[in-house]
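So the structure is just underneath, and the comments pick up after that.
The values are calculated or read from the model by the stated rules, or taken from the named source; none is laboratory data. Owing to the predicted nature of the structure, the values given are computational and were not obtained by experimental measurement. Here the Cβ positions follow ideal geometry from the backbone for every residue, glycine too, while neighbour counts run over all protein chains shown. Quick note on the areas: whole protein, heavy atoms, side chains included, nothing else; ligands and nucleic acids left out. Shrake-Rupley method; radii C 1.70, N 1.55, O 1.52, S 1.80 Å.
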Amino acid sequence: MLETGTKAPEFTLPDKDGNPVSLSDFLGKKVVLYFYPKDNTPGCTREAVAFAAAYEGFKVKNVAVIGISKDSVASHQKFAAKHDLPFVLLSDPELQAIQAYDVWKEKKLYGKVSMGVVRSTYLIDEEGIIEKAMPKVKPDTNAGEILAYLENI
């Protein structure tokens, strides 16, 4: 996990429509950058739906929400349409941002070891500095915890 107080690594990745999106596009506003393993899996769907439900709260606070996984642009397009997701989803099949943000880790499932994205979230401030780093977040409470944090700052 990257440390709070460090500069957030810059990236440019395609969104669900194939348009390039860079972190620097959001300078001047806070950004919730959340990394998740896979579109349309139970935990990732619950997390995305929770962010969608909390989206108005983020909008009122002028906070952008960006979800990143290694899924394809086409997969993101279907995922966003199926669950009516109002925020940005970015495709990172080459692991550019996933590795830069140190969320590509060894995982164990039923004794089998493999590499994958560890569900993690970063809050990046208006100048592109990591304000809060949240490793191994829970899909059902992640969005609410960030919103609660934003209420108290």
Tell me the Kirkwood radius of region 53-119: reciprocal of the mean inverse pair distance over distinct alpha-carbon atoms, in Å. 13.7
For region 139-148, take each phi angle, set θ = phi - 60°, evaluate the Karplus expression 6.51 cos²θ - 1.76 cosθ + 1.60, and give the result in whole Hz per residue in order, putting x for glycine and proline. x, 7, 10, 4, 4, x, 5, 5, 4, 4
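What does the charge dipole of region 1-44 about its Cα centre add up to, to the nearest 20 debye, if the Cβ of each Lys and Arg holds +1 and the Cβ of each Asp and Glu holds -1? Numbers along the way, then the final one.
Working: 5 positive and 6 negative charges, 28 e Å.
Once rounded to the nearest 20, the dipole reads 140 debye.
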Given backbone amide H placed at 1.01 Å from N, residues whose amide H is under 5 Å from that of Ser120, ignoring those fewer than 5 places away on the same chain, are Phe35, Val137
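Accessible area, 1.4 Å probe, largest first: how do Lys59, Lys7, Lys136 sort? Spell out each step's value before the answer.
Working: Lys59 110, Lys7 135, Lys136 160 Å².
Ranked list, largest accessible area first: Lys136, Lys7, Lys59.
Given the pairs Lys61/Lys107; Lys30/Lys108; Lys16/Lys107; Lys82/Lys107; Lys107/Lys132, which span a C-alpha to C-alpha distance of over 31 angstrom in this model? Before the final figure, lay out the partial values.
Details: Lys61/Lys107 35 Å; Lys30/Lys108 33 Å; Lys16/Lys107 27 Å; Lys82/Lys107 28 Å; Lys107/Lys132 23 Å.
Going by Cα-Cα distance, Lys61/Lys107; Lys30/Lys108 fall outside the 31 Å limit.
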Rounded to whole Å, sorted largest first: equivalent-ellipsoid semi-axes of the chain, Cα gyration tensor: 21, 18, 16
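How much area per residue is accessible in region 12-150 when the probe is 1.4 Å and only protein heavy atoms are counted (Å²)? Could you put the intermediate results ahead of the total?
Values: 6620 Å² over 139 residues.
I get 48 Å² per residue for region 12-150.
How much length, in nm to one decimal, is gained on full extension between Lys138 and Lys7, taken as 0.36 nm per residue of separation minus their Cα-Cα distance?
Details: separation 131, 0.36 × 131 = 47.16 nm, distance 2.48 nm.
Going from the current span to full extension adds 44.7 nm.
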Give the long-range amide H neighbours of Asp92: residues separated by 5 or more places, or on another chain, with amide H under 5 Å away, using H modelled in the peptide plane at 1.01 Å from N. Ser69, Lys70, Asp71
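Given +1 on the Cβ of Lys and Arg, -1 on the Cβ of Asp and Glu, and no further charges, what dipole in debye does region 111-153 carry about its Cα centre, rounded to the nearest 20?
Details: 5 positive and 7 negative charges, 105 e Å.
With only Lys, Arg, Asp and Glu charged at Cβ, the dipole is about 500 debye.
Rounded to the nearest 20 Debye, what is the dipole magnitude of the chain about its Cα centre when Lys and Arg each give +1 and Asp and Glu each give -1 at the C-beta? Spell out each step's value before the answer.
Details: 19 positive and 21 negative charges, 129 e Å.
Here the chain has a charge dipole of around 620 debye.
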Karplus couplings for region 18-34 from phi (6.51 cos²θ - 1.76 cosθ + 1.60, θ = phi - 60°), rounded to Hz, Gly and Pro as x? x, 7, x, 10, 10, 4, 5, 4, 9, 4, x, 9, 6, 10, 8, 10, 10
